[in-house]
1. Applying the selection to segment 46-102, what residues are assigned to a strand (DSSP E or B) and either within 30 Å of Leu126 (Cα to Cα) or touching a Lys or Arg at 6+ places or on another chain (Cβ under 8 Å) (or both)?
2. With closer than 30 Å to Cys152 by Cβ and modelled with pLDDT under 90 as the only criterion, which of Gly66, Gly115, Gly26, Gly105 stands out?
3. Give all pairs with beta carbons closer than 9 Å in which a residue from segment 220-232 that is at pLDDT below 95 and assigned to a strand (DSSP E or B) meets a residue that is open to solvent by less than 30 Å² (accessible area, probe 1.4 Å) and of a type in the set (Phe, Trp, Tyr); count only pairs at least 6 apart in sequence or on separate chains.
4. Scan segment 163-195 residue by residue and report those that are more than 27 Å from Asp95 (Cα to Cα), among the aromatic types (Phe, Trp, Tyr) and surrounded by 12 or more Cβ atoms within 10 Å (Cβ to Cβ).
5. Restricting attention to segment 12-35, and to residues there that are assigned to a loop (DSSP other than H, G, I, E, B) and open to solvent by 70 Å² or more (accessible area, probe 1.4 Å), which single residue is nearest to Thr81 (Cα to Cα)?
6. Pull up segment 69-83, narrow it to residues that are within 39 Å of the chain's Cα centre (by Cα) and of a type outside the set (Val, Ile, Thr), then point me to the one that is modelled with the lowest pLDDT.
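The values are calculated or read from the model by the stated rules, or taken from the named source; none is laboratory data. Nothing here was measured: the structure is a model prediction, and the numbers come from that model. Using ideal geometry, Cβ is built from the backbone for each residue, glycine included, and neighbour counts are taken over all protein chains shown. In case anyone asks, the SASA skips ligands and DNA or RNA and just uses the protein heavy atoms, side chains included. Shrake-Rupley method; radii C 1.70, N 1.55, O 1.52, S 1.80 Å.
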Amino acid sequence: TTYPVTVSVVAPPVVSLPNDTAGCDGECIDLDATCTGCTYIWPTGETTAQISVSDSGWYSVSANNGGCVVRDSFLLSVLETPEIVLEQNAAICPDNDEKIILDAGPGDSWLWTPGSAVTQTLTVSLPGNYSVVVTHGNGCTKSDSTTIAENCPEVLFIPGAFTPNNDGKNDLFFADGTNVKNFKITVFNQWGQQVFDSALLGIAGGWNGKYNDAKAPEGLYTYVVNYDALKPNGKTKPETRTGSFVLIR
């Protein structure tokens, strides 16, 4: 006895992963096993037609179209590239000619921004944001950035004498400084009388040596200075200074 049998021939799916390759550290490679009517199993546990890989190793896929199973594999070799570790949380004071040297580490070429320097190290004398791209012989690159903050202590200069004789030199008694805000200086004569207050003038204002529209006499005077010192964290701290100076005519 014979029985008729119908045989259906199913064409195997066509899967073609890329050729084995080497990639840079952190670079993703897209693998695509798409075929009509297929289901997929990857060693990573994923069941999609496409996956992205970035670690060294073999990646094989089984594609099943309901009648045939086809496998293909791909080898990724990651080229190790040294990490860049620029100094972080650094600060300098340009007023004091301070500098800091940033080192991008070994490589075949370097490119810093801003400035376009092409050396392994960069000498920084101004606060700001700095970044570098390092290229290695295998063609891989690494980059890093850092922010150099400004950290200047407040500086306040108060002269020990002045000569209000209208000769254009040292005619005003005033203070000078940096990182100083809300400055006020009050001057007193030897009897404790207040002869000058710069509250409305600020640090740029000075005493011209007059009291009640008359020339103040020569001699020793005292002062009290109140100001807010600007700190590196952006906050201010109230400060007070006292001292004396000589009026010379």
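1. Selection gives Ser60, Val61, Ser62, Ala63, Ala91, Ile92, Ile100, Ile101, Leu102.
2. Result of the check over Gly66, Gly115, Gly26, Gly105: Gly115.
3. Val225/Phe183; Asn226/Phe183; Tyr227/Phe183; Asp228/Phe183
4. Correct list: Phe188 only.
5. Filtering segment 12-35 for residues that are assigned to a loop (DSSP other than H, G, I, E, B) and open to solvent by 70 Å² or more (accessible area, probe 1.4 Å), the one nearest to Thr81 (Cα to Cα) comes out as Glu27.
6. In this case the residue turns out to be Glu80.
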